[in-house]
Amino acid sequence: MTEEKTKYFVVKQKAVPEVLLKVVEAKKLLDSERVITVQEAAERVGISRSSFYKYKDDIFPFYDNTKGKTVTFVMQMDDCQGLLSDLLHIVAVYRANILTIHQSIPVNGIATLTLSVEVKPDTGNISRMLEEMEEHQGIHYVKILARE
């Protein structure tokens, strides 16, 4: 019998089935100690206790498991003065440690940026940091390439 390797995927919240999002909510309730039992947490979020146990070890918010890791992003951006500086400022605000920066030479006014950051114990919510980057004017997209 062949041993199956675990594969991990990073997907946006809108692509995650509702039951998995509810498992995350239930785990937050249990962590916050606002509820004492799994049954109570499951009832509050509207899932069965068996669904909670089935998925509890398979789903977690991205930022919960990134401390002490290196995360590499790739983004496509307009070639406009100050945009890279603005992005690096966002990284600094979230207290992530920049390890590498590589920006391609712009073609037709668009450049590709690859950025690797170390997520430290005092780093803020990485998911929110990505959202802020993606919402910034001049950014076409931000994608996670790797997490080590």
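The values are calculated or read from the model by the stated rules, or taken from the named source; none is laboratory data. All of these numbers come straight from a predicted model, not from anything done at the bench. Note: ideal-geometry Cβ built from the backbone for every residue, glycine included; neighbour counts use all protein chains shown. The area values use the complete protein model at the heavy-atom level, side chains included, leaving out ligands, DNA and RNA. Shrake-Rupley method; radii C 1.70, N 1.55, O 1.52, S 1.80 Å.
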- Give the number of residues within the range 12-56 that are touching a helix residue (DSSP H, G or I) at 6+ places or on another chain (Cβ under 9 Å), at pLDDT 90 or above and open to solvent by 100 Å² or more (accessible area, probe 1.4 Å). 5
- Message: Within the range 79-95, does at least one residue satisfy the condition of being over 20 Å from the mean Cα position of the chain (by Cα), open to solvent by 70 Å² or more (accessible area, probe 1.4 Å) and in contact (Cβ under 8 Å) with a residue 24 or more places away in the chain?
- Response: yes
- Item | Among residues of the range 100-148, those that are free of Cβ contacts under 8 Å to residues at least 60 places away in the same chain, exposed (fewer than 12 other Cβ atoms within 10 Å of the Cβ) and in a strand (DSSP E or B), counted | 3
- Query: What is the number of the single condition among (1) surrounded by 15 or more Cβ atoms within 10 Å (Cβ to Cβ); (2) modelled with pLDDT under 90; (3) touching a helix residue (DSSP H, G or I) at 6+ places or on another chain (Cβ under 8 Å) that K69 does not meet?
  - Reply: (3)
